[in-house]
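A short write-up of the structure that comes next.
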Amino acid sequence: MSTNKTFTMIKPDAVANGYIGAILNDIIKDGFQIKAMKYIHLTESEAGSFYAIHKDRPFYSELVAFMTSGPIVAAILEKDNAVESFRTLIGATDPTKAAEGTIRSKYANSIEANAVHGSDSDANAEIEGNFFFSQFERF
Ligand code: RTP
Ligand code: MG
């Protein structure tokens, strides 16, 4: 059974391009509630830990450099079937392959600078939310 929470980040490219408001609007219009949110600039060590799951992939060091290139918005979101529903809303990793109307199709520039992160499983949503937020930062 799926849980009703997922974790997202609005990545440095989308923040720098002025899309925080538009992306949050799309997320809320799709029926997600914001349970926790913060605006932060990750250190290299924080981004490296967050993406440790990808450390053997060829793009790992570029990904860490990109994710520390500017501030991000991190959030825990709630909706029925949240993980799958959110990945449908954001579209494919590569924005040229993302379905029309999805967040990545509208706001992303490249396979790496792809505007948003979305957890890929309930277990990872829990781990990723816990990485950023204490129990006192969730509402
Ligand atoms: P995310 O974790 O950010 O929601 O993205 P995803 O599941 O669609 O893609 P994933 O395979 O988990 O990759 C994580 C992030 O790494 C960057 N990436 N770069 N240069 C490349 O070939 C490449 N492939 C992936 C992207 O920023 C991707 O979102
Ligand atoms: Mg992923």
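For region 3-20, the count of residues that are at pLDDT below 95, closer than 19 Å to residue 139 by Cβ and touching a helix residue (DSSP H, G or I) at 6+ places or on another chain (Cβ under 8 Å) is nonzero.
Checking each residue in region 102-120 for being within 15 Å of ligand 2 (Cβ to nearest atom) and either basic (Lys, Arg) or loosely packed, with under 14 Cβ neighbours inside 10 Å (or both) picks out only 104. Taken together, the residues in region 100-124 that are assigned to a loop (DSSP other than H, G, I, E, B) and within 13 Å of ligand 1 (Cβ to nearest atom) amount to 12.
Can you report the number of residues in region 125-138 which are touching a strand residue (DSSP E or B) at 6+ places or on another chain (Cβ under 6 Å) and either surrounded by 17 or more Cβ atoms within 10 Å (Cβ to Cβ) or assigned to a loop (DSSP other than H, G, I, E, B) (or both)?
Pass one, region 125-138, residues touching a strand residue (DSSP E or B) at 6+ places or on another chain (Cβ under 6 Å): 125, 128-129, 132-133, 137-138.
Narrowing further to those that are either surrounded by 17 or more Cβ atoms within 10 Å (Cβ to Cβ) or assigned to a loop (DSSP other than H, G, I, E, B) (or both): 125, 128-129, 132-133, 138.
Here the count works out to 6.
Taking the residues in region 69-101 that are of a type outside the set (A, V, I, L, M, F, W, C), crowded, with 18+ Cβ neighbours inside 10 Å and more than 15 Å from residue 4 (Cβ to Cβ) as candidates, determine which candidate is nearest to ligand 2 (Cβ to nearest atom). Looking at the filtered set, the residue picked out is 91. The residues in region 1-34 that are assigned to a strand (DSSP E or B) and surrounded by fewer than 19 Cβ atoms within 10 Å (Cβ to Cβ) can be counted, and the count is 2. Cβ-Cβ contacts under 7 Å between residues 6 or more apart (or on different chains), taken from a first residue in region 38-58 that is within 15 Å of ligand 2 (Cβ to nearest atom) to a second residue that is among the hydroxyl-bearing types (Ser, Thr, Tyr) and not in a helix (DSSP H, G or I), are listed as 47/68. Candidates in region 77-92 are the residues that are of a type in the set (D, E, K, R) and not in a helix (DSSP H, G or I); of these, the one that is farthest from the chain's Cα centre (by Cα) is 80.
The values are calculated or read from the model by the stated rules, or taken from the named source; none is laboratory data. What you are looking at is a predicted structure, and each value in this text was computed from that prediction instead of being measured. In this analysis, Cβ positions are derived from the backbone assuming ideal geometry, glycine residues included, and neighbour counts consider all displayed protein chains.
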